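Okay, so here's the structure we're looking at.
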Amino acid sequence: MFFKIAVRNIFAYSKRSIITVLLLSCTTALLVFSTAYMDGSHGRMIQSSVEIYPGYVQITHKGFRDNPSLENLIFDAGKVRASLKDFPGIAVLTPRFESFVLFSSEEKAVGGMFTGIDPEKEMHVSRLAASLKQGSYLTSNDDAQVYMGRELAKRLKVGVGDQVTFVGTGADYSFAADTLTVKGIFQTGLFDFDSRASFVAKPYFDRMMAAKNIATHFIVQPADPSQAEALAAAIGQRLGPEYESASWQQTMAGLVQAMRVDSIFGYITLGIIFIVIFFVVMIFTLLVVYARVREIGILRAVGTGPGQIFSMLLLESVLLGLVSVVLGGLIGGSFAYYFHINPIVFTSFEEQFKQYGLAMTAMPTDFAPLIILRDMAVMFVLSVSATLYPIFKVNAFKPIEAIHHV
């Protein structure tokens, strides 16, 4: 019976119902989309930062992360490789040797990162090959050919086929120098990385830098990236105290913390907005319910109890809230899905992105049905809670007072 009365009242006060539904559905859609954008942009930044180069799991010699010197290298890369052969959960294992050298072209001299990699395995642990913009990617047989970042090439004023000279220090502190031919130029989307990184095939690097069977670190690509932290711990137990195995949550702790802080401030901002909306809904509901005081007084006079009045008004609120959050969830979820497939591109903010070390301007939303349902539930509770005080307030009137209320 109360359900039928509540539905009748909703249609009887159609203007009030439409305004309530519009207010709550727009608010729900805003919450759903804001959460999807915030989580999606954070996820893209973290994923890009991890997959572009650092990797999900890094293995280093003990002390290398705190003191990345030539004394803390992995001096027996073959031993590490043999220890982790067929290790459960590892899809790809590949060594790297990072060094810093001075590059020189005909016009400029610039310092940069000079890294020896296994080109074929590197394709499975990073996006270096997929980030190719000009020329071609490396192979293990390449000799004296370099694959460098687009911004570094710009700084050196060189292109594909041009030559650059490097001067650096080998793993045994010897002097190393040679002339390289630019084979390819890449652009990862991380501006700072593209402005300093260069790569050569590890066999050539080992010969020039006296680094045979030596590595600064290994990169592990997990079979399941979501299990990176557990895999890092298991690898650490296998290798023993001589080595350190760290997941991306540890190697990129600063970025993770920055994203968490940004999320906290984002939710605080949303919280303030929805506190305001809560009181707007409550005041609007209070005005609407006060306009029905005489009707409620008549119902009380004919024998309807306060509990029944409360149930009727609360059911109206629940029905309106349910319709509103479902509609808002569908609208916000649709936008979240669309921009998940078609990321938002901020072409006019490219320079601002670069100031934060980024060259990517496309940000997708995170389409997560469970998160959308959570936001819808939050808005439903918020909308119903906002009507409780007005209902209690009007229900406190005595029948005679309510009938004569103007």
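The values are calculated or read from the model by the stated rules, or taken from the named source; none is laboratory data. Values in this document were obtained by computation on a predicted structure and should not be read as measured data. No Cβ is skipped: glycine too gets one built from the backbone with ideal geometry, and neighbour counts run over all protein chains shown.
If you scan region 148-192, which residues turn out to be part of a strand (DSSP E or B), under 25 Å from residue 362 (Cβ atoms) and aliphatic (A, V, I, L, M)?
Within region 148-192, 148, 185 qualify.
Does at least one position in region 5-15 carry a residue that is surrounded by 14 or more Cβ atoms within 10 Å (Cβ to Cβ), under 35 Å from the mean Cα position of the chain (by Cα) and not in a helix (DSSP H, G or I)?
no
Identify, from the list 331, 298, 309, the residue that is surrounded by fewer than 16 Cβ atoms within 10 Å (Cβ to Cβ) and not hydroxyl-bearing (Ser, Thr, Tyr).
Exactly one of 331, 298, 309 is surrounded by fewer than 16 Cβ atoms within 10 Å (Cβ to Cβ) and not hydroxyl-bearing (Ser, Thr, Tyr), namely 298.
Can you tell which of 218, 199, 193, 205 is over 34 Å from the mean Cα position of the chain (by Cα) and either surrounded by 20 or more Cβ atoms within 10 Å (Cβ to Cβ) or not assigned by TED's automatic domain parsing to the domain that holds residue 62 (or both)?
205
Report yes if some residue within region 112-130 is of a type outside the set (A, V, I, L, M) and over 26 Å from residue 46 (Cα atoms); otherwise report no.
No, the conditions are met nowhere in region 112-130.
When the residues of region 37-79 are narrowed to those that are of a type in the set (Asp, Glu) and surrounded by fewer than 18 Cβ atoms within 10 Å (Cβ to Cβ), which ends up nearest to residue 343 (Cα to Cα)?
Here the residue is 66.
Check whether at least one residue in region 137-144 is among the aliphatic types (A, V, I, L, M) and over 32 Å from the mean Cα position of the chain (by Cα), and report yes or no.
Yes - at least one qualifying residue is present in region 137-144.
Go through region 108-123 and give me each residue that's aliphatic (A, V, I, L, M) and either part of a strand (DSSP E or B) or farther than 19 Å from residue 218 by Cβ (or both).
Once the filter is applied, which keeps residues that are aliphatic (A, V, I, L, M) and either part of a strand (DSSP E or B) or farther than 19 Å from residue 218 by Cβ (or both), region 108-123 yields 109, 110, 113, 117.
Tell me which residues, restricted to region 124-147, are part of a loop (DSSP other than H, G, I, E, B) and touching a Ser or Thr at 6+ places or on another chain (Cβ under 7 Å). Steps first, answer last, please.
The first filter runs over region 124-147 and keeps only residues part of a loop (DSSP other than H, G, I, E, B), leaving 126-128, 136-144.
127, 144 - these are the residues of region 124-147 that are part of a loop (DSSP other than H, G, I, E, B) and touching a Ser or Thr at 6+ places or on another chain (Cβ under 7 Å).
What residue, of 34, 25, is hydroxyl-bearing (Ser, Thr, Tyr) and surrounded by fewer than 20 Cβ atoms within 10 Å (Cβ to Cβ)? So that I can check it myself, show each step before the final result.
On the way: 25 fails: surrounded by fewer than 20 Cβ atoms within 10 Å (Cβ to Cβ).
Criteria check complete, one pass: 34.
Restricting the search to region 128-146, which residues are closer than 14 Å to residue 190 by Cβ and surrounded by 19 or more Cβ atoms within 10 Å (Cβ to Cβ)?
If the condition is that a residue be closer than 14 Å to residue 190 by Cβ and surrounded by 19 or more Cβ atoms within 10 Å (Cβ to Cβ), then 128, 131 are the ones that fit.
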